[in-house]
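Report on the following structure.
The values are calculated or read from the model by the stated rules, or taken from the named source; none is laboratory data. Because the structure is predicted, anything quoted here is derived from the model rather than measured. Here Cβ is always computed from backbone atoms with ideal geometry, including for glycine, and neighbour counts include all displayed protein chains.
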Amino acid sequence: MPILKFKNPLTITGSDGFISNILNMDGTIRQTNVLEIGQDVGTDQNVTFNSVTSPSNETLVISNQAGTQNMLLGFGFISGSNLTFTVDTMEVSESFTHEDDITINGKLNAPSMSVELNNSNIIFRSGSSRFGDDLTDTHFVTGSIKVSGSFDLNSGNIIEISNNNDVTAARSNVLITEKVAKAALGGDIELNNQYMRKIFAHTGSISNSTASFNAVTASVDTDLTGTTKSDFHFYLNGMILEQDALVIQQSSSVFELHMNTSTLGYNLSNNDEIVAWGKFNS
């Protein structure tokens with residue numbers, strides 16, 4: 001019986017993604033030949049592609065197994081819900097538009113970042129930044145705010161918050177602390193009242209034309225005028241002395257009254273009684 005044989009043996013070779021074991025088949029023996037693509041492409045299988053090419057005018061739709069969620073791949077865009085990118089680095093060369101929540105677990109570095117509605121928040125790497133676009137906007141900050149420079153409050157420029165009691169410059173661009181306001185607007189009322197109530201009498205001793213008292217003048221650390229000779233009355237043997245003839249001096253814990261006998265018109269005796277009444281500390 002004659003044997004039929006291919007004059008030219010049949011050979012089917014594979015290519016990228018295609019595998020064949022048909023090599024030089026001449027038909028003289030029975031054999032099973034396998035043609036395969038290297039992976040199961042059933043609808044319930046996980047198929048892997050090295051690359052996917054789609055025409056610029058078409059869209060590739062990738063659905064989950066249940067068919068409830070789709071990811072659309074098109075020319076210049078990726079669209080879908082609950083997308084997760086597991087790559088180490090993702091670069092966007094132009095615009096990136098996302099209409100729902102986005103979560104970034106690492107750092108987001110950008111020359112500028114605009115969080116819209118209508119450019120309501122803009123943060124730049126350098127230069128000016130803007131928060132809010134309406135007077136009804138409210139911004140909450142937890143922690144401290146450090147400002148180097150000035151800030152505008154309702155179009156009023158403020159350059160510093162001062163804790164200096166000297167407000168004589170009357171600057172319109174400086175805010176003051178509560179401490180300064182108390183001293184400048186109301187003064188230290190309690191200290192002032194204590195000072196105003198300090199009226200005491202002391203007797204002294206006369207040597208030559210100087211009377212000495214074991215007393216210290218009252219003082220106050222507020223804007224009140226300091227203690228002067230006008231805050232005292234001096235009595236010699238019950239008679240008030242003329243202020244023009246007197247000079248006062250605090251020498252350590254001794255209060256001295258220097259009297260000019262020429263101006264007084266009479267001499268002094270060590271036995272004279274001298275009394276000082278006025279703003280002594282105690």
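What to note about this one:
- Segments classed as strands (runs of 3 or more DSSP E), wholly inside segment 1-94, with at least 1 members that are at pLDDT below 75 and surrounded by 10 or more Cβ atoms within 10 Å (Cβ to Cβ): 10-12, 22-25, 77-80
- In segment 155-173, the residues that are of a type outside the set (A, V, I, L, M, F, W, C) form Cβ pairs under 6 Å with partners that are at pLDDT 80 or above and in a loop (DSSP other than H, G, I, E, B), at six or more places apart or across chains, as follows: Asn157/Ser150; Asn157/Asn173; Asn163/Thr177; Asn173/Ile159.
- Selection status of Gly127, at pLDDT below 70, exposed (fewer than 10 other Cβ atoms within 10 Å of the Cβ) and under 30 Å from Ile161 (Cα atoms): yes
- Within segment 270-282, being within 21 Å of Gly226 (Cβ to Cβ) and assigned to a loop (DSSP other than H, G, I, E, B) holds for Lys279, Asn281, Ser282.
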